[in-house]
Amino acid sequence: TVIFDVNGVEQHVTIETHKADDTFSGPMADASNRKHIGSPMPGAVEKVCVAAGDDVVEGQTIAVVSAMKMEVEVKAPGRGKIKRIVTETGSKVIDGALMIEFE
């Protein structure tokens, strides 16, 4: 509650905060693990462009994350095979959330 005075009259204002319903609770990428691909920013997974078992090449777009009308392509850091997809299209992620894991 905030208490203040306006023209000699004491005013009371109560500020309520609500916990967000879309709190992220998924796994985080280990920055020291080259097999982990983390989200480059908080937002929504616009699309996942690969599937488990796919072979990818360096620079290939493997997912797209969007926020506030901006899309960021997540690129493969090198050649490899996709082990598992952790996120799915439409899911909310935070910066560094584990999205994809390489073998």
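Some values worked out for this structure:
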item	result
Percent accessible area from carbon and sulfur atoms, segment 21-89, protein chains only, probe 1.4 Å	48 percent
Segment 1-55, Rg to Rh (Cα coordinates; Rh as Kirkwood inverse mean 1/r)	1.38
Rounded to whole Hz, the Karplus (6.51, -1.76, 1.60) HN-Hα couplings of segment 41-46, x for glycine and proline	6, x, x, 10, 6, 6
Inter-site label distance for E88 and D54 at 7 Å from Cα along Cβ, in nm	1.6 nm
Projected-area average for the chain over all orientations - Cα convex hull basis, square nanometres	9.3 nm²
Distance between segment 70-93 and segment 42-60 - C-alpha centres, whole angstrom	4 Å
Relative contact order of the chain, defined on C-alpha pairs under 8 angstrom at six or more residues apart (%)	30 percent
Probe 1.4 Å, accessible area per residue of the chain, Å²	69 Å²
For S91, distant residues with modelled amide H under 5 Å away	V45
Full-stretch length increase - D30, V6 - with 0.36 nm per residue and alpha-carbon distance subtracted	3.4 nm
FRET efficiency, K69 to V13 (Cβ-Cβ, R0 30 Å, nearest 0.05)	0.30
Selection from V65, G53, I15, by position along the positive dipole direction of the chain (Cβ)	G53
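The values are calculated or read from the model by the stated rules, or taken from the named source; none is laboratory data. Everything quoted here is computed from the prediction, not taken from an experiment. Quick reminder, even Gly has a Cβ in these numbers, built from the backbone with ideal geometry, and neighbours come from all protein chains shown. Accessible surface is based on the protein model in full, side chains and every heavy atom, while ligands, DNA and RNA are left aside. Shrake-Rupley method; radii C 1.70, N 1.55, O 1.52, S 1.80 Å.
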